[in-house]
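Here is the structure we will look at, set down as structure tokens.
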Amino acid sequence: MAHAIQESFRDFYKRQNTGLNLISEAMKQEQAEHEKLRDFHEKRYLRKYELFYKNLGLIIRNKDEIINTPKYANIDAHYLLEGGGCFIGRLQTCQQYNFAGTLVTINLKLGTLLKIWEAEQFQVECSCGGIAYIRHFVGSPLSGSSCASALCSKCGQEIKGIKNRSYGKYHFFSNKMHYRDIDLVVKKILCNWILAEEKYNEDVKKGNVYMPSVGENLKSNDEFCNLETMIHELQLKEFKVAN
């Protein structure tokens with residue numbers, strides 16, 4: 001069992017005077033740069049958030065195409081759904097893992113967000129006759145009470161103060177859907193690794209191995225697409241259909 005080592009004030013003072021600070025200057029610089037990078041990403045995600053909800057009607061009209069097109073369905077959507085609860089904290093739509101010193105981040109995907117919005121819990125009828133979709137919720141897992149806000153995909157009106165809905169159905173359902181994303185990502189990596197091993201073993205039998213590593217054959221054929229490109233492509237498609 002590990003024991004905490006208590007440092008005397010004399011030893012602490014002596015160590016400080018020799019220049020061995022608790023936090024080095026290099027560590028302070030790294031922390032400052034990290035905070036600047038975090039601020040940059042917050043501004044970037046805010047821009048994307050506003051762009052997405054400005055085009056919510058376009059997104060909903062093309063929902064089926066987005067879900068069935070991998071390059072669209074896999075777009076990062078972790079910043080588009082916010083939630084939190086007492087004793088639970090914020091809704092985790094972004095999970096980071098440390099595999100052998102390598103940080104891997106798996107975010108909520110756009111296709112999954114659209115599937116979450118298919119649930120009645122995440123839909124609200126707007127006064128214009130359209131459907132508004134929940135994008136923010138808070139509440140308590142103990143009492144089950146909640147308060148949410150939604151945006152209408154038809155008129156763009158924001159509906160606030162949505163109550164009398166189970167907090168658990170918000171939080172745990174969206175959490176479950178996000179973990180399906182994590183499962184799919186990990187399974188896809190494992191599948192690609194199995195294919196790489198098969199290719200490697202075939203090359204060994206043929207004597208074509210130049211680098212003794214399965215990793216040399218690890219490939220990813222998934223097409224990448226960002227939110228901005230998807231919106232542009234969907235707008236072009238609708239423009240061509242209308243003309």
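For the chain, the Cβ-based charge dipole about the Cα centre amounts to some 500 debye (Lys, Arg positive; Asp, Glu negative; other atoms uncharged).
Work out, in µm²/s and without decimals, the Stokes-Einstein translational diffusion coefficient of segment 67-132 at 4 °C, 1.567 mPa s, Rh from Kirkwood over C-alpha pairs. D = 92 µm²/s. Restriction of the trypsin sites (Lys or Arg not before Pro) in segment 196-243 to DSSP coil positions whose beta-carbon has at most 11 other beta-carbons within 10 angstrom yields 219.
Applying 0.36 nm per residue to the separation of residue 103 and residue 25 and subtracting their alpha-carbon distance, the gain on full extension is 25.7 nm. The ranking of 152, 86 by Cβ neighbour count inside 10 Å, starting from the fewest, reads 86, 152. Positive end of the charge dipole of the chain (Lys, Arg +1 and Asp, Glu -1 on Cβ, about the Cα centre): tell me which of 130, 75, 217 has its Cα farthest that way. Positive-end residue among those listed: 130. For segment 16-109, the equivalent ellipsoid derived from the Cα gyration tensor has semi-axes of 37, 16, 15 Å, listed largest first.
Annotation: the antiparallel percentage among DSSP beta bridges lying fully within the chain is about 85. Kirkwood hydrodynamic radius of the chain, from the reciprocal of the average inverse Cα-Cα distance over all distinct pairs: 22.0 Å. Full extension of the chain segment joining residue 242 with residue 205 gains 7.6 nm, where the gain is 0.36 nm per residue of separation less the Cα-Cα distance. Relative to the Cα centre, the charge distribution of segment 129-212, modelled as +1 at Lys and Arg Cβ and -1 at Asp and Glu Cβ, gives a dipole magnitude of about 480 debye.
Past 32 Å, Cα to Cα: identify those pairs from 43/154; 43/115; 28/176; 115/163; 187/240; 63/163, in the order given. Checking Cα-Cα distances, 28/176; 187/240 exceed 32 Å.
Considering only chymotrypsin sites (Phe, Trp or Tyr not before Pro) in DSSP loops that have at most 12 other Cβ atoms within 10 Å, the longest stretch of the chain without any of them is 88-209. Both radii are taken from the alpha-carbon atoms of segment 127-229; with Rh as the Kirkwood radius, Rg/Rh is 1.29. Scanning the chain for cysteines with no neighbouring cysteine C-beta under 4.7 angstrom from their C-beta gives 86, 94, 147, 191, 225.
FYI, it's all coordinate maths here, none of it is from the lab. Keep in mind that what you see is a predicted model, and the values were worked out from it rather than measured. Glycine also receives a Cβ, built like all others from the backbone with ideal geometry; neighbour counts cover every protein chain displayed.
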